[in-house]
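To start, the structure under review is shown below, and the notes come after it.
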Amino acid sequence: MGLVEALYLLLRAFVVSRATLAAENLVLRQQFSVLKHSVKRPKLRPRDRRFRVWLSRLWPNWCSVLRIMQPDTVVKWHPMGFKL
């Protein structure tokens, strides 16, 4: 993750509404649960699909923040965010 992207995300956090950030947080937690029960390639269970359908109706722009990644990547980014 580059410095420009990190600054963008920081500025975005001040501009975006709390409801949008809360929904984004919910999506990230759901992605972690998918990764936790997956072996090689994350597989969505029916309840994961229902969650996404529900979320798409509640939050029209949800796809813009959707990224499935390895937990190690997020753990590596975490300290870099605090340094900024």
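Conditions (1) at pLDDT 75 or above; (2) under 25 Å from GLY2 (Cα atoms); (3) out of contact with any Gly (no Cβ under 6 Å at 6 or more places or on another chain); (4) open to solvent by 50 Å² or more (accessible area, probe 1.4 Å), marked per residue:
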position: ARG29; (1), (2), (3), (4): yes, yes, yes, yes
position: ARG47; (1), (2), (3), (4): yes, no, yes, yes
position: ASN61; (1), (2), (3), (4): yes, yes, yes, yes
position: VAL65; (1), (2), (3), (4): no, yes, yes, no
position: HIS78; (1), (2), (3), (4): no, yes, yes, yes
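Taken over the stretch 10-31, the criterion of being under 17 Å from LYS83 (Cβ atoms) and touching a residue at least 40 places away in the same chain (Cβ under 8 Å) is satisfied by LEU10 alone. The C-beta contact set for the stretch 45-59 (first residue part of a helix (DSSP H, G or I), second residue not acidic (Asp, Glu), distance under 6 angstrom, 6+ apart or interchain) comprises ASP48/VAL34; PHE51/GLN30; LEU55/TRP62; SER56/TRP62.
Residues in the stretch 33-45 that are surrounded by 10 or more Cβ atoms within 10 Å (Cβ to Cβ), at pLDDT below 75 and more than 16 Å from the chain's Cα centre (by Cα): HIS37, SER38, LYS43.
The values are calculated or read from the model by the stated rules, or taken from the named source; none is laboratory data. Keep in mind that this is a model prediction, so the values were computed, not measured. Counting neighbours? That spans all protein chains shown, and the Cβs are built from the backbone with ideal geometry, glycine included. Ligands, DNA and RNA are stripped out before the accessible areas are found, and what is left, the full protein with its side chains, is counted by its heavy atoms. Shrake-Rupley method; radii C 1.70, N 1.55, O 1.52, S 1.80 Å.
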